[in-house]
Structure formats: structure tokens, C-alpha cells
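Derivation of every value follows stated rules applied to the coordinates shown; laboratory data play no part. Remember, predicted model here, so these are calculated numbers, not experimental data. All Cβ positions, glycine included, derive from the backbone under ideal geometry; neighbour counts span all protein chains shown.
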Amino acid sequence: QRHWRRRPCKPIKFCFECTLNFMDISEEQQQDFGVLLKQGAEGRVFVSTFVGRKCVIKERFSKKYRHPVLDSKLTLKRLNAEARCMTKARRLGVPTPVLYAVDPLPHTLTFEY
């Protein structure tokens, strides 16, 4: 019989003085990405242009029920994972749209249209 020892968890440190409240951004302050095509639970999809080419911009928005620092970290991790998966799938021969840009600050992916 094996006895598994649990590693002690590292405490999560939050700096409440340094955090910005991304939840309270009004509609006027949000960045304009183009024409809204679709909105789901995880994000919004826009049709726009990128360096003169028609493109699709996928924006992952923040969840109001999460702490802003945690939400930003989770969203960024998922954004990078999606970009890696799309790039890897394309390299393996799966027909996927070309990834033009990953913007970590507004949490957006820009694909060919």
C-alpha cells in the first residue's frame, strides 16, 4: 500500500492596493474591435481589419464573480493555451485560420477571416 504525501500548497498572495477593478469598465471605455459577430459565455467575436486584411478578433472578457488578479491570470493562461493549440493544430495539417496576433492586455486573439 502506497502512502501519498501531499505537498504543502503555496499561499496565494494578492496585492489589494495594486489591483485595478476591470469589472467596472463602462461600455464607452471598452476598446472598439469592430462589428460584433457573436457573443458567448467565454468571449466575444468581432469582424475587423488587421493591417489592411479582413480578420476575426476573439476577445475573452473578465468574469465579474472572480477576483480581478485571479481572473486576469486565468484569462491570460487560457488565451495562450488556445493560441498554442491553434498553432500546433495548423502545424499538424489541420485546416485552421492563421493566427495574426495575440494581445495579452485586452485578452484578444486575431485570426484571418
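For the pair residue 89 and residue 32, a Förster radius of 22 Å applied to the C-beta separation gives a FRET efficiency near 0.15, rounded to the nearest 0.05. Each peptide in 77-84, 32-39 was scored by the mean count of other Cβ atoms within 10 Å over its residues; highest first, the order is 77-84, 32-39.
Taking region 35-112 as the region of interest, the number of lysine pairs whose Cα atoms are within less than 27 Å, with members eight or more places apart or on different chains, is 18. When its C-alpha radius of gyration is set against 2.2 N^0.38 Å (N residues), region 35-112 gives a value of 1.14.
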